[in-house]
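Before any comments, here is the structure.
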Amino acid sequence: MKNKNTSKRQQRAIETKKKIYEAAKQLILVHGVENVSVDSIVEAAGVSKGAFYVHFKSKDSLFVTLVNDYTNIADLDYRSFLLTISDNKSTFDILHNLAEEISDFIEHSIGLKNMGTLYKAHLSKTIDTTSAISYNRELYKIFSEVLERGVNKGEIREDIAVDLLAKHLILAIRGITFECCIRYPDMNLKEEVLNHFNILLYGLKK
């Protein structure tokens with residue numbers, strides 16, 4: 001009987017945490033992190049404030065969880081998208097398509113306002129955003145693999161290491177995203193990323 005009761009309590013705790021997480025995610029995506037309070041999260045989740053602090057130390061710790069999860073979701077999306085692209089396409093077309101997919105994910109699944117909050121967190125270092133900026137994340141591996149194939153096919157210049165090229169292509173996307181955040185809504189992220197990639201990729205041709 002004790003084990004059954006413990007199991008029920010654990011299940012309720014899991015469900016409560018999930019409610020809090022889902023409510024916070026929806027509120028943050030609509031209103032942005034800075035405009036969402038713990039009070040609004042627990043109200044939307046239908047739980048007590050005490051229950052929130054049982055599962056999360058603070059709103060920032062919940063934001064860290066969201067950042068980690070969205071980083072993983074994004075990279076899985078990019079990997080899945082890459083698998084749909086024919087190997088017969090040129091490396092430049094693949095990179096162009098990948099940049100387009102990343103732009104769409106940032107704009108429609110995350111939102112530029114939330115990206116602005118994430119950049120602020122990167123700079124202030126008030127929360128741990130390592131998962132999003134780590135050179136070990138899947139995104140860097142994806143770009144490196146595409147570039148390596150391009151080198152092997154004789155399409156990409158060989159005098160620059162593919163890991164370095166991958167970093168610079170991702171740096172370009174991150175920089176343009178930041179520019180769009182500070183100029184929002186007067187810049188189109190996808191348009192700016194694709195225009196910039198056309199310039200960068202021209203310089204990579206062998």
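The values are calculated or read from the model by the stated rules, or taken from the named source; none is laboratory data. Just so we're clear, the structure is a prediction, and the values are computed from it rather than from any experiment. Quick reminder, even Gly has a Cβ in these numbers, built from the backbone with ideal geometry, and neighbours come from all protein chains shown.
With respect to ASN97, is the statement that it is modelled with pLDDT under 95, within 20 Å of the chain's Cα centre (by Cα) and of a type outside the set (Gly, Ala, Ser) true?
On the way: modelled with pLDDT under 95: no; within 20 Å of the chain's Cα centre (by Cα): yes; of a type outside the set (Gly, Ala, Ser): yes.
No.
In segment 32-62, how many are assigned to a helix (DSSP H, G or I), β-branched (Val, Ile, Thr), surrounded by 18 or more Cβ atoms within 10 Å (Cβ to Cβ) and under 24 Å from the mean Cα position of the chain (by Cα)?
Going residue by residue through segment 32-62, those that are assigned to a helix (DSSP H, G or I) are 33-35, 38-45, 49-55, 59-62.
Filter once more, keeping what is β-branched (Val, Ile, Thr): 33, 38, 41-42, 54.
Then keep just the ones that are surrounded by 18 or more Cβ atoms within 10 Å (Cβ to Cβ); that gives 33, 41-42.
If we keep only those that are under 24 Å from the mean Cα position of the chain (by Cα) too, we end up with 33, 41.
Looking only at that region, the number is 2.
Small (Gly, Ala, Ser), surrounded by fewer than 19 Cβ atoms within 10 Å (Cβ to Cβ) and in a helix (DSSP H, G or I) - does that describe any residue in segment 167-177?
In the first step, residues of segment 167-177 are kept if they are small (Gly, Ala, Ser); the result is 172, 175.
Next, only the ones that are surrounded by fewer than 19 Cβ atoms within 10 Å (Cβ to Cβ) stay: 172, 175.
Pick out the ones that are also in a helix (DSSP H, G or I) and you get 172, 175.
Checking segment 167-177: at least one residue is small (Gly, Ala, Ser), surrounded by fewer than 19 Cβ atoms within 10 Å (Cβ to Cβ) and in a helix (DSSP H, G or I).
Condition test on VAL36, is it modelled with pLDDT under 95 and in the same structural domain as HIS108 (by TED's automatic domain parsing)? Quick ask: steps written out before the conclusion?
On the way: modelled with pLDDT under 95: yes; in the same structural domain as HIS108 (by TED's automatic domain parsing): no.
The answer is no for VAL36.
A quick yes/no check of all residues on (1) farther than 25 Å from LEU76 by Cα; (2) of a type in the set (Gly, Ala, Ser):
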{"residue": "SER134", "(1), (2)": "no, yes"}
{"residue": "GLY150", "(1), (2)": "no, yes"}
{"residue": "GLY154", "(1), (2)": "yes, yes"}
{"residue": "CYS180", "(1), (2)": "no, no"}
{"residue": "GLU191", "(1), (2)": "no, no"}
{"residue": "ILE199", "(1), (2)": "yes, no"}
{"residue": "GLY203", "(1), (2)": "yes, yes"}
{"residue": "LYS206", "(1), (2)": "yes, no"}
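Collect the residues in segment 29-65 that are within 22 Å of ILE106 (Cα to Cα) and of a type in the set (Gly, Ala, Ser), keeping them in residue-number order.
If the condition is that a residue be within 22 Å of ILE106 (Cα to Cα) and of a type in the set (Gly, Ala, Ser), then GLY32, SER61 are the ones that fit.
In segment 119-134, what residues are without any contact (Cβ under 8 Å) to a residue 12 or more places away in the chain and either touching a strand residue (DSSP E or B) at 6+ places or on another chain (Cβ under 7 Å) or among the small types (Gly, Ala, Ser) (or both)?
Looking only at segment 119-134, we keep the residues that are without any contact (Cβ under 8 Å) to a residue 12 or more places away in the chain, and these are 120, 122-125, 130, 133-134.
Result: SER124, SER134.
Of the residues in segment 178-206, how many are of a type in the set (A, V, I, L, M, F, W, C), assigned to a helix (DSSP H, G or I) and within 22 Å of the chain's Cα centre (by Cα)?
8
Being surrounded by fewer than 19 Cβ atoms within 10 Å (Cβ to Cβ), more than 16 Å from the chain's Cα centre (by Cα), at pLDDT 95 or above and in the same structural domain as SER80 (by TED's automatic domain parsing): is that true of GLU145 here?
When the stated conditions are applied, GLU145 passes them.
Does LEU201 satisfy being modelled with pLDDT of 95 or more and surrounded by 16 or more Cβ atoms within 10 Å (Cβ to Cβ)?
No; evaluated as a whole, the condition is false for this residue.
Does segment 90-113 contain at least one residue that is assigned by TED's automatic domain parsing to the domain that holds GLU191 and part of a loop (DSSP other than H, G, I, E, B)?
Step one: filter segment 90-113 for residues assigned by TED's automatic domain parsing to the domain that holds GLU191, giving 90-113.
Still in the running and part of a loop (DSSP other than H, G, I, E, B): 90, 111.
Yes, there is a match, as at least one residue in segment 90-113 is assigned by TED's automatic domain parsing to the domain that holds GLU191 and part of a loop (DSSP other than H, G, I, E, B).
Which numbered condition trips up LEU76, out of (1) over 12 Å from ILE20 (Cα atoms); (2) at pLDDT below 95?
Exception for LEU76: condition (2).
With the requirement that a residue be of a type in the set (A, V, I, L, M) and at pLDDT below 85, what does segment 105-140 give you?
ILE127
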